[in-house]
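Encoded as structure tokens, the structure appears first; notes follow it.
The values are calculated or read from the model by the stated rules, or taken from the named source; none is laboratory data. Note that this is a predicted model, so its numbers are computed, not measured. Cβ: placed from backbone, ideal geometry, glycine included. Neighbour counts: every protein chain shown. The accessibility values were calculated without ligands, DNA or RNA, using every heavy atom of the protein model including side chains. Shrake-Rupley method; radii C 1.70, N 1.55, O 1.52, S 1.80 Å.
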Amino acid sequence: MTHAGTRARRTAAHLLVDCLAAERCEYVFSVPGEETMDILEALADHPSVRHVTTRHEQGAAFMADVHGRLTGRAAVAMATLGPGATNLVTGIADAYLDRAPMVAITGQAGSDKLHKEAHQVVDIVRMLQPVTKWNTRVERVDAIPEIVRKAFRVATLEKPGPTHIELPENLAAMAPESGARVR
């Protein structure tokens, strides 16, 4: 099932956004960036998940944090790699300390570049371990539905708090390997 205006080719980013909608996520707060462009395009095509542009990643994290505190439902704070992702840390830590459900999504350089010393590549998964209940890097496109489901479930379970998903840029642009669809 494609949404009106969706590019002819479905990508992992479209699958990710469909999964956000399946979790009843209403908002994704972010500063647009190159490594999250596929996700932003998928959000623009989706009728029920609203992207809210912020001026700073820390503001995006605080907006998702407060949304979680007020509603008990996780919203998403999204950032690009490197400094964009590191700017989320204060808001994520606040959500962790306040037990507010939220899901952080960060872009990353292509998975083929992660073993190299590449511009702005920071190990975000390791960096966020102390201030998230659970976090992971997407390594297989077909794992996206399971990963998103777990991120939202863990974020809202007993003692709510933030979770994190990292999506490398090259995986976001790939077609889902099995053609998996979210119900």
Here's a check for you: in the stretch 25-53, which residue that is touching an Asp or Glu at 6+ places or on another chain (Cβ under 9 Å) and among the polar types (S, T, N, Q) is farthest from His14 (Cα to Cα)? Ser30
If you take the residues of the stretch 158-175 that are acidic (Asp, Glu) and over 16 Å from Leu128 (Cβ atoms), which of them is surrounded by the fewest Cβ atoms within 10 Å (Cβ to Cβ)? Glu158
Candidate set from the stretch 158-171 (those that are of a type outside the set (S, T, N, Q) and over 20 Å from Phe62 (Cα atoms)); member that is modelled with the highest pLDDT: Leu167
Read through the list (1) assigned to a loop (DSSP other than H, G, I, E, B); (2) buried (at least 17 other Cβ atoms within 10 Å of the Cβ), then give the number of the only condition that Asp94 fails. (1)
Pairs where the first residue, in the stretch 18-40, is more than 21 Å from Phe62 (Cβ to Cβ) and modelled with pLDDT of 95 or more and the second is surrounded by fewer than 19 Cβ atoms within 10 Å (Cβ to Cβ) and hydroxyl-bearing (Ser, Thr, Tyr), C-beta under 8 Å, 6+ apart: Ala21/Ser48
Residues satisfying the stated conditions in the stretch 35-61, i.e. touching a strand residue (DSSP E or B) at 6+ places or on another chain (Cβ under 8 Å) and not aliphatic (A, V, I, L, M): Glu35, Thr36, Arg50, His51, Thr53, Thr54, Glu57, Gly59
Output for the stretch 60-82, where each listed residue is of a type in the set (Gly, Ala, Ser) and open to solvent by 30 Å² or more (accessible area, probe 1.4 Å): Gly72
Here the residues within the stretch 26-51 that are out of contact with any helix residue (DSSP H, G or I) (no Cβ under 7 Å at 6 or more places or on another chain) and either closer than 18 Å to Arg73 by Cβ or exposed (fewer than 15 other Cβ atoms within 10 Å of the Cβ) (or both) are Glu26, Glu34, Ala44, Pro47, Arg50
Does Val28 meet the test of being closer than 19 Å to Asp98 by Cα and not hydroxyl-bearing (Ser, Thr, Tyr)? no
Count - residues of the stretch 129-155 that are over 14 Å from the mean Cα position of the chain (by Cα), assigned to a loop (DSSP other than H, G, I, E, B) and modelled with pLDDT of 95 or more: 1
